[in-house]
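Notes to accompany the following structure.
Derivation of every value follows stated rules applied to the coordinates shown; laboratory data play no part. Since the structure is predicted, the reported quantities are computational estimates derived from the model, not experimental observations. Every residue, glycine as well, gets a Cβ built from its backbone with ideal geometry; the counts of neighbours run over all protein chains shown.
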Amino acid sequence: MNTLETLIIEAKHCQECSKHLPNEPRPIFQIGKNAKILIIGQAPGRKVQDSGIPFQDASGDRLRDWMGISSEQFYDPDFLAIMPMGFCYPGKGSSGDLPPRSECAPLWHAAFLSKLPNIQLTLLIGQYAQAYYLKESLKESLTKTVEAWETYLPEYLPLPHPSPRNNIWLKKNPWFERDVVTELQRRIRAI
């Protein structure tokens, strides 16, 4: 049985989908054995791939704002783990980044989750994480899934991606920040 430290080293050196990536693989995640909150997002964007630091971009700024936590808390692996659906930047598509590579989640998620016994809340950010974890309880759209957020608690809280590309969605759905973000912050304070 692998230790968490061994698993982290193996994942950092993963080459599973290297022939499909625009750059050399650079798996980006944050795992600590005592983490209480888990973020499952999509995949790192170009800026994050370059820095090697998860959510070190405008999306991360908004996510930390939604969560009501500081950068220091966010980057403390013994408080918060970050495990995207795809660990490496998948490349650019016609209308944004390509979807996360499908190899990562089946290869790494269950192994990492088995080493994270203290997780009290998992944030499912975006449609890929929601589809993978919510399966048949997923609604017909991301909006409907996020609207049904209370049905997934206490284990999961589905969120839209915090990207600036979602500003229009946020303006059309003011209930999200009023209701969901308020509850997210309440739960994080309790943890």
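All told, K36 falls short of being surrounded by fewer than 14 Cβ atoms within 10 Å (Cβ to Cβ) and over 13 Å from F112 (Cα atoms). The selection criterion, being touching a Phe, Trp or Tyr at 6+ places or on another chain (Cβ under 8 Å) and among the β-branched types (V, I, T), holds for I40. Checking each residue in region 51-84 for being among the charged types (D, E, K, R) and either touching a Cys at 6+ places or on another chain (Cβ under 9 Å) or not in a helix (DSSP H, G or I) (or both) picks out D57, D76, D78. With the structure loaded, tell me whether A110 is within 25 Å of A35 (Cα to Cα), surrounded by 15 or more Cβ atoms within 10 Å (Cβ to Cβ) and of a type in the set (G, A, S) or whether it fails that test. For A110, the condition - within 25 Å of A35 (Cα to Cα), surrounded by 15 or more Cβ atoms within 10 Å (Cβ to Cβ) and of a type in the set (G, A, S) - is not met. Comparison of E24, E5 shows that the only residue that is over 23 Å from L113 (Cα atoms) and either out of contact with any Cys (no Cβ under 7 Å at 6 or more places or on another chain) or among the acidic types (D, E) (or both) is E24.
State whether one or more residues within region 75-94 are under 19 Å from L63 (Cβ atoms), among the β-branched types (V, I, T), in contact with a Phe, Trp or Tyr (Cβ under 9 Å, 6 or more places away or on another chain) and surrounded by fewer than 17 Cβ atoms within 10 Å (Cβ to Cβ). No, region 75-94 contains no residue that is under 19 Å from L63 (Cβ atoms), among the β-branched types (V, I, T), in contact with a Phe, Trp or Tyr (Cβ under 9 Å, 6 or more places away or on another chain) and surrounded by fewer than 17 Cβ atoms within 10 Å (Cβ to Cβ). The residues of region 122-138 that are in contact (Cβ under 8 Å) with a residue 40 or more places away in the chain and crowded, with 19+ Cβ neighbours inside 10 Å, listed by number, are T122, L123, L124, I125, G126, Y128, A129, Y133.
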